[in-house]
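Let me begin by presenting the structure, written as structure tokens, before commenting on it.
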Amino acid sequence: MSKRLGIIQSRGLGDIIIAVPIALHYREQGYHVHWPIAEQFIAHVEQHVPWVKWIPLTVDPGPYFYDTPYQRLRNFGCDPIVCLYQALTNHPELSARPEFQIMKFDQIKYAEVGLPFSHKWRLPECVTRNPEAEQALALSVNPEGRPYVIIHLEGSDHRAEFDRSIIPPEYLQIDVSTQTESIFNWLGLLEGAEAIVCVDSVMANLADQYGIPTRVDSYFIPRSHIQLTPVLNGPWTTLEPDMATQQRIRIFR
């Protein structure tokens, strides 16, 4: 029987994408990786990262963050079990780690497992792309093949806006939506865009971990304070968020 390792990071989708290269590291060490996640995220990853055993979880107010996935992983015979959350209300030992005060949340995940943070950008090695699905999505949102800009403004707790008049009128504006069952099917469109505009959310993580901002004009709208904003490696231009968000994320006053 192969060695089984469990990962606890049941949500959100952006956090899962950030952590997939950690799972790749353990796979390279000979482990069969088991990973319980919120059931609504399963369709995003099961075909694109098929070497992980994805375990669907029903979302509830509390136990599904840690206790339920831990028990599921024990039932699968996983040892060790690695928790990648940087903080949880009922687990003060996570935020008691010394790196909690000095690192961003994505850095903590890699520090916890002793991996160089540069491994975060190994995401392309982890993913099996679906060219047919990418092409079908492209045809559905841009059937005329016009030059276009990809726009993603909806985060889990924030809706951003920006002055769209800066986009040349001949460019089609494509807003990311649920028109495809997996976020990975947007990769082809991201790579072919004239520009992308992303709120701090899953699409920004995906684009950055694929190195797309090195080839495409990329604009980033923050929505969280510095500790909860991911490290971005590409040449993003940061746009100023709305006044309410500025007040929420400001740490120096």
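All of the numbers you see were taken from the coordinates with simple rules; none came from a lab. Just so it is clear, the model here is predicted, and its values are computed rather than measured. Neighbour counts run over all protein chains shown; Cβ positions are idealised from the backbone, glycine included.
What the table shows:
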quantity	calculated
Note, ³J(HN,Hα) from phi for region 120-128, Karplus 6.51, -1.76, 1.60, rounded to Hz, x at Gly and Pro	4, 8, 8, 3, x, 6, 8, 10, 9
Using alpha carbons only: equivalent-ellipsoid semi-axes of region 131-249, gyration tensor based, whole Å	24, 16, 13
Beta bridges by DSSP in region 131-249, antiparallel share as percent, to the nearest 5	5
For region 1-107: relative contact order, % (alpha-carbon pairs under 8 angstrom, 6 or more apart)	33
Convex hull per residue volume in Å³, alpha carbons only, for the chain	133
Long-range HN-HN contacts of L153 with modeled amide H, under 5 Å	V176, V199
Space enclosed by the convex hull of the alpha-carbon atoms of region 1-109, per residue, Å³	101
Low-density loop positions, chymotrypsin sites (Phe, Trp or Tyr not before Pro), region 179-252 - DSSP coil, at most 14 other Cβ in 10 Å	F252
Loop GluC sites (Glu not before Pro), region 173-253 (other Cβ atoms within 10 Å of the site Cβ: 14 or fewer; DSSP)	E181
